[in-house]
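This report concerns only the one structure given below.
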Ligand code: AVJ
């Protein structure tokens, strides 16, 4: 009983109820990442259509020497979000980091990624800071140069104003004379974008639908998942990919103790993934108090890796 009460009173429950009660229904994208959602995202990163992960890895590899030139002699890498087993080591090696600080709201994911890093590099000092990186954080005293790392183009999940606020918080957390290495996906042919977010194997569809399954699992939901389908659309005016869950027919269901009804064709908007031209990315940097220092992209300009300074 207590268990039920706490679960139906969690931030997830509150955000689901608030989002589904709206005329235009939404659920924040951060709730994709339960255990199953994280597995599915890992699968997405391997899909032939999903270019971001492999392109970012290529850029980190190709520009290791450039990154080393910007870094000082005893750098600390401060990662916003739990580290990826593939990308984080590439940056740490490129700059010969002495210290690594991982910041993530999920203590479990953070514990997993920092433990793996410590185990694989005995010489590295590893610090886990459980916390919400969308707010300025007090870090423990750090020696050496500070290099922030925000990978995956996660910045794309934030609306422009929220992205500016986030980048200002990073600046406050990192302090003066810091660098930020940030991955930002580029604007490109809409067909390529829509394929990347609606893959032939249906993994992204499953990732999107898992949000409904998660509500059913955790919030006593009765959502008829088969009555929904995945949709990814490029919105050119807003410069973003939108993911939706579309009701195929009229549906009614319960979730987190509330009753909801949707008409056939009505959607739940589950994610925005903003894409930036180079001038847009530079404007974003300057608006948030950063100075662009370097930008690297691949041959086909599929993805961008930026280095900014304070
Ligand atoms: C993790 C937010 C960067 O927007 O590409 C992948 C999430 N959603 N496929 C992205 C995602 C659908 C991803 N980010």
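Subtracting the Cα-Cα distance of residue 45 and residue 17 from their residue separation scaled by 0.36 nm leaves 7.1 nm. Among 179, 211, 139, the largest mean-square fluctuation in a Gaussian network model of the chain, built with springs joining Cα atoms closer than 10 Å, belongs to 139. With all pairs of different C-alpha atoms in the average, the Kirkwood value for the hydrodynamic radius of the range 153-201 is 13.1 Å.
The distance separating the Cα centre of the range 105-155 from that of the range 239-269 comes to 36 Å. Taking label positions 7 Å along the Cα-Cβ direction at both residue 261 and residue 301, the computed distance is 5.0 nm, reported to one decimal.
Using a Gaussian network for the chain with springs between C-alpha atoms less than 10 Å apart, which of these wobbles most: 156, 175, 83? Highest fluctuation among the options: 175.
Using C-alpha pairs below 8 Å separated by at least 6 residues, the relative contact order for the chain is 20 percent. Once the Cβ-Cβ distance of residue 9 and residue 309 is raised to the sixth power relative to R0 = 30 Å, the FRET efficiency obtained is 0.10. Relative to a virtual label point 7 Å from the Cα of residue 177 in the Cα→beta-carbon direction, which members of the range 89-110 show backbone nitrogen distances below 20 Å? Flagged as within label range: 95-101. For the range 192-304, list log₁₀ I(q)/I(0) at each q in 0.09, 0.11, 0.15, 0.19 Å⁻¹, using the Debye formula over Cα point scatterers of equal strength and ignoring solvent, two decimals each. Evaluating at q = 0.09, 0.11, 0.15, 0.19 Å⁻¹ gives log10 I(q)/I(0) of -0.36, -0.51, -0.77, -0.99. Arranged from fewest to most other beta-carbon atoms within 10 Å of their beta carbon, 244, 135, 306, 23 become 23, 135, 244, 306.
Between the beta carbons of residue 132 and residue 287, assuming R0 = 22 Å, the FRET efficiency works out to 0.50 to the nearest 0.05. Placing dummy labels 7 Å off each Cα toward the beta-carbon, the span from residue 248 to residue 294 is 5.0 nm.
Translational diffusion of the range 4-159 was estimated from the Stokes-Einstein equation, with Rh taken as the Kirkwood radius over Cα pairs; at 37 °C and 0.692 mPa s the coefficient is 189 µm²/s.
What is the percent of Cα-Cα separations in the chain that go past 30 Å? I get 36 percent for the Cα pairs in the chain exceeding 30 Å. Seen against the Cα atoms of the chain and their longest principal axis, helix 52-62 is set at about 0 degrees. With both labels modelled 7 Å from their Cα along Cα-to-Cβ, the residue 191 to residue 61 distance reads 2.8 nm.
The alpha carbon centroids of the range 35-80 and the range 273-309 are separated by 15 Å.
How far is helix 35-44 tilted, in degrees, relative to the longest principal axis of the Cα atoms in the chain, given as a value from 0 to 90 rounded to the nearest 10? Approximately 70 degrees, to the nearest 10.
A short reminder: the numbers here are calculations on the coordinates, not readings from a lab. As the structure is a prediction and not an experimental result, all values here were calculated from the model. Every residue, glycine as well, gets a Cβ built from its backbone with ideal geometry; the counts of neighbours run over all protein chains shown.
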